[in-house]
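**Q** Encoded as structure tokens, here's the structure I'll be asking about.
None of the figures in this text is laboratory data; all of them are computed from the coordinates on show. Remember, predicted model here, so these are calculated numbers, not experimental data. Ideal geometry is used to build each Cβ from the backbone, glycine not excepted, and the neighbour counts take in all protein chains shown.
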Amino acid sequence: MLQNLLKSKKLILASQSPRRQELLKALEVDFEVRLKPVDESFPDGLQPFEIAEYIAKKKAAAFKEDLKPNEILITGDTLVFKGSKALGKPKDEREAIQMLQLLSGSSHSVISSVCVTTIEQQLIAHDKALVHFRVFSDAEIQHYINTYKPFDKAGAYGIQEWIGHVALQKLEGSYNTVMGLPTHLLYDLLNKAVD
């Protein structure tokens with residue numbers, strides 16, 4: 001079992017996302033949260049999955065000097081794509097409305113990367129899911145933004161919130177990937193990291 005393998009290790013989650021923390025807890029492992037500000041920009045010309053992996057590695061690089069031999073760092077990134085257009089976190093209400101209008105009545109992809117770093121190695125993987133939303137009314141979009149303030153979420157929504165309950169028609173892939181942490185991949189990477 002993973003818990004036994006991690007007994008002599010200290011897991012660190014570099015994310016303030018309550019969703020990622022909740023999903024990591026569900027793997028029945030102990031961890032602590034450590035945060036550092038990271039610039040999430042990326043170079044032009046990357047494929048969608050490369051962007052998610054690039055940012056996850058960038059987040060890990062911020063901790064490189066601080067990692068101790070018994071520590072395992074977990075970083076990740078989630079991006080929403082409508083076609084080839086990356087939808088990051090909305091800067092304001094206007095941008096959140098535009099994003100949700102773009103996602104209304106159509107499908108989009110969500111790519112989440114997960115990166116496991118120790119002082120000896122770095123392992124990274126990503127997963128993709130396809131989300132189909134029904135059409136949102138302007139009133140529904142406004143209600144969601146006013147109530148849930150999704151400014152810290154890629155694509156201006158959290159699948160686990162009201163909008164996901166009322167508008168998700170079909171999901172192809174892992175629900176956890178859309179929430180921001182592909183736990184099935186993380187479980188495999190952690191097993192490899194301590195093997």
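**Q** Of Glu161, Glu65, Glu22, which is the most mobile in a GNM of the chain whose springs link Cα atoms less than 10 angstrom apart?
**A** Glu65
**Q** Moving on. Mind giving me the nanometre distance, one decimal, between the label points for Lys64 and Lys149, set 7 Å out from Cα along Cα→Cβ?
**A** 3.6 nm
**Q** Ok, one more. Compute the normalised compactness of segment 108-167: alpha-carbon radius of gyration over 2.2 N^0.38 Å, N being the residue count.
**A** On the way: Rg = 15.7 Å, N = 60, 2.2 N^0.38 = 10.4 Å.
So the Cα radius of gyration is 1.51 times the expected 2.2 N^0.38 Å.
**Q** Can I ask one more? Give a residue-ordered list of calculated ³J(HN,Hα) values for segment 74-89 (Karplus: 6.51 cos²θ - 1.76 cosθ + 1.60, θ = phi - 60°; whole Hz; x for Gly, Pro).
**A** 10, 10, x, 8, 10, 10, 9, 10, 10, x, 9, 8, 7, 10, x, 7
**Q** With bins 5 Å wide starting at 0, give me the P(r) of segment 71-176 over every alpha carbon pair, in whole percents.
**A** Result, from short to long distances: 2, 12, 23, 22, 17, 10, 7, 4, 2, 1, 0 percent.
**Q** Taking a spot 7 Å from the Cα of Ser41 along the direction of its beta carbon, which residues of segment 85-112 have an amide N less than 18 Å from it?
**A** Correct set: 86-91.
**Q** Strictly over 30 Å apart at the Cα level, which of Lys85/Lys192; Lys149/Lys170; Lys68/Lys149; Lys25/Lys89 would you flag in this model?
**A** Over 30 Å Cα-Cα: Lys85/Lys192; Lys68/Lys149.
**Q** Next up: Rounded to the nearest 500, what is the 222 nm mean residue ellipticity of the chain from helices alone, with -39500 (n - 2.57) per DSSP H run of 4+ residues and division by all residues?
**A** About -10000 deg cm²/dmol.
**Q** Starting from the Cα gyration tensor of segment 1-125, multiply each eigenvalue by 5, take the square root, and state the resulting semi-axes largest first in whole Å. All intermediate terms of the calculation are to be shown ahead of the outcome.
**A** Details: eigenvalues 178, 52, 35 Å².
In descending order, the three semi-axes are 30, 16, 13 Å.
**Q** What length, rounded to one decimal in nm, is gained on full extension from Asp138 through to Lys7, with 0.36 nm per residue of separation minus their alpha-carbon distance?
**A** Residue separation times 0.36 nm, minus the Cα-Cα distance, leaves 42.1 nm.
**Q** Separate question: How do Thr177, Thr183 rank when sorted from fewest to most other Cβ atoms within 10 Å of their own Cβ?
**A** Thr183, Thr177
**Q** For segment 170-195 and segment 8-37, what is the separation of their Cα centres, given in Å?
**A** Cα centres, segment 170-195 to segment 8-37: 14 Å.
**Q** Could you line up Val29, Val38 from fewest to most neighbouring Cβ atoms inside 10 Å?
**A** Val38, Val29
**Q** Only four residue types carry charge here, +1 at the Cβ of Lys and Arg and -1 at the Cβ of Asp and Glu. Report the dipole size of segment 2-194 about the Cα centre in Debye, rounded to the nearest 20.
**A** 180 debye
**Q** Here is a follow-up. Can you give the extra length, in nm with one decimal, that the chain gains between Asp188 and Arg94 once fully stretched, where that is 0.36 nm per residue apart less the Cα-Cα distance? Walk me through the numbers on the way to the answer.
**A** Working: separation 94, 0.36 × 94 = 33.84 nm, distance 3.97 nm.
Taking 0.36 nm per residue and subtracting the Cα distance, the gain is 29.9 nm.
**Q** On to the next question. Quote the FRET efficiency, to the nearest 0.05, computed for Lys57 versus Phe31 with a Förster distance R0 of 25 Å and r equal to the Cβ-Cβ distance.
**A** Result of the calculation: an efficiency of 0.80.
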